[in-house]
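First the structure, in the form of structure tokens, and then the observations on it.
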């Protein structure tokens with residue numbers, strides 16, 4: 001071994017080390033999270049500002065890393081081949097190939113990248129300033145080569161999209177729940193947040209037949225009786241018909257007037273303005289308006305201006321956190337199993353909830369509730385006891401109140417129920 005040979009050996013080792021550092025840098029870039037980077041900046045961690053800069057636009061820095069990795073790999077392999085040929089003759093190329101493959105795989109690929117995955121923040125903070133410096137020096141060359149590649153293969157690189165999609169977030173929540181990193185309730189809350197963004201007011205409102213309202217000719221004592229009977233703190237006030245809502249009366253205003261002895265005060269004198277929203281409005285937008293404009297209830301109207309229901313702040317929050325009940329609420333389950341494969345379902349139950357419970361595919365484009373879907377199946381107002389079938393499910397109208405289907409008995413087809421019982425037995 002001459003001094004030149006030893007110099008080449010040292011150079012090969014340095015190039016392998018460079019490939020390892022660049023490999024760790026590649027992992028740091030691809031796993032860079034803007035939220036986490038900005039948190040590190042707030043904590044005043046050394047290198048955090050450079051890491052945040054990379055996280056804002058990782059593509060140029062990744063191009064630099066890939067270019068330098070390619071140069072280091074080719075350079076190290078070329079020198080190793082030249083050295084091996086001088087010492088092993090014709091077998092030198094094979095020896096160099098085997099040796100460099102093993103060295104690069106173990107010391108420049110697996111080891112540094114595994115460490116970077118395990119210590120992402122630590123590696124990112126350590127290498128980010130170096131990457132920013134290399135970006136200034138080598139960035140123009142890498143950018144030029146990318147433009148050349150775009151001339152050969154027209155395009156603008158990978159499409160710029162979200163750093164993580166909704167499906168990936170949902171999947172991450174499922175995995176985190178299975179591994180015990182988050183609670184089951186936290187996972188459900190994450191799913192509810194995404195569903196909340198797609199929900200419209202019609203799906204969460206109290207429908208018109210269930211609205212408790214009072215005519216503007218009623219007395220304060222009448223309103224007090226309604227408040228005591230139903231427990232509502234805000235009651236819509238209408239003139240002759242619910243489509244002509246003139247305001248909303250607050251229970252606290254009524255109690256204050258009665259306490260002061262103003263029993264004969266006209267209801268219109270203490271009414272507050274009513275808020276109206278279309279039934280197609282997104283609940284996320286309505287919640288934001290309620291927060292900004294400080295109101296807790298809105299009257300829901302259809303495209304023709306008719307009142308179709310009311311929606312409260314509590315209705316919106318329940319879409320996120322589930323049912324909110326207090327000591328005065330009588331909680332009646334919307335769905336309960338009353339027999340082997342037989343479920344009693346309230347007509348107001350969401351079709352989505354039924355699909356989740358029964359693992360079915362009932363359509364929910366036109367109707368939001370089971371009662372509406374059953375009306376569609378029958379094509380009329382069914383008589384109590386009437387039955388019909390859809391997708392291996394039997395629907396029986398159990399209670400019908402006027403033009404509404406109050407409760408439905410849903411029965412699984414015998415073969416479906418037997419199959420589920422067999423699976424449970426196994």
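Below are the figures for this structure:
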{"read-out": "Residue satisfying condition, being loosely packed, with under 13 Cβ neighbours inside 10 Å, at pLDDT 80 or above, within 30 Å of residue 61 (Cα to Cα) and not assigned by TED's automatic domain parsing to the domain that holds residue 277, within set 122, 136", "value": "136"}
{"read-out": "Which listed residue, of 336, 408, is at pLDDT 80 or above and within 30 Å of residue 228 (Cα to Cα)", "value": "336"}
{"read-out": "Residue in segment 82-95 that is touching a residue at least 12 places away in the same chain (Cβ under 8 Å) and outside the structural domain of residue 60 (by TED's automatic domain parsing) present", "value": "no"}
{"read-out": "Residues (exposed (fewer than 15 other Cβ atoms within 10 Å of the Cβ) and modelled with pLDDT under 90) located in segment 257-279", "value": "259, 260, 261, 262, 263, 264, 266, 268, 269"}
{"read-out": "Inter-residue pairs, beta-carbon under 9 Å, first assigned by TED's automatic domain parsing to the domain that holds residue 113 and in segment 31-44, second part of a loop (DSSP other than H, G, I, E, B) and surrounded by 17 or more Cβ atoms within 10 Å (Cβ to Cβ), 6+ apart", "value": "40/47"}
{"read-out": "Helices (runs of 4 or more DSSP H) lying entirely in segment 1-74 (those with 2 or more residues that are modelled with pLDDT under 90, exposed (fewer than 15 other Cβ atoms within 10 Å of the Cβ) and in contact with a helix residue (DSSP H, G or I) (Cβ under 9 Å, 6 or more places away or on another chain))", "value": "3-30, 34-42"}
{"read-out": "Those strands (runs of 3 or more DSSP E) lying entirely in segment 306-406 with at least 3 residues in contact (Cβ under 8 Å) with a residue 24 or more places away in the chain and crowded, with 17+ Cβ neighbours inside 10 Å", "value": "307-312, 342-346"}
{"read-out": "Options 249, 254: the member that is over 28 Å from the mean Cα position of the chain (by Cα), in the same structural domain as residue 208 (by TED's automatic domain parsing) and assigned to a helix (DSSP H, G or I)", "value": "254"}
{"read-out": "Qualifying positions in segment 83-108 - within 16 Å of residue 16 (Cβ to Cβ) and exposed (fewer than 15 other Cβ atoms within 10 Å of the Cβ)", "value": "97, 98, 101, 102, 105, 106"}
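Each row is one residue, and each column tells you yes or no for (1) surrounded by fewer than 12 Cβ atoms within 10 Å (Cβ to Cβ); (2) closer than 30 Å to residue 403 by Cα; (3) at pLDDT 80 or above; (4) assigned by TED's automatic domain parsing to the domain that holds residue 250.
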| position | (1), (2), (3), (4) |
| --- | --- |
| 144 | yes, no, yes, no |
| 147 | yes, no, yes, no |
| 160 | yes, no, no, no |
| 174 | no, no, yes, no |
| 206 | no, yes, yes, yes |
| 210 | yes, yes, yes, yes |
| 217 | no, yes, yes, yes |
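The values are calculated or read from the model by the stated rules, or taken from the named source; none is laboratory data. The structure presented is a predicted model; accordingly, all values stated were derived computationally and were not measured. FYI the Cβ positions are ideal-geometry reconstructions off the backbone, even for glycines, and counts take in every protein chain you see.
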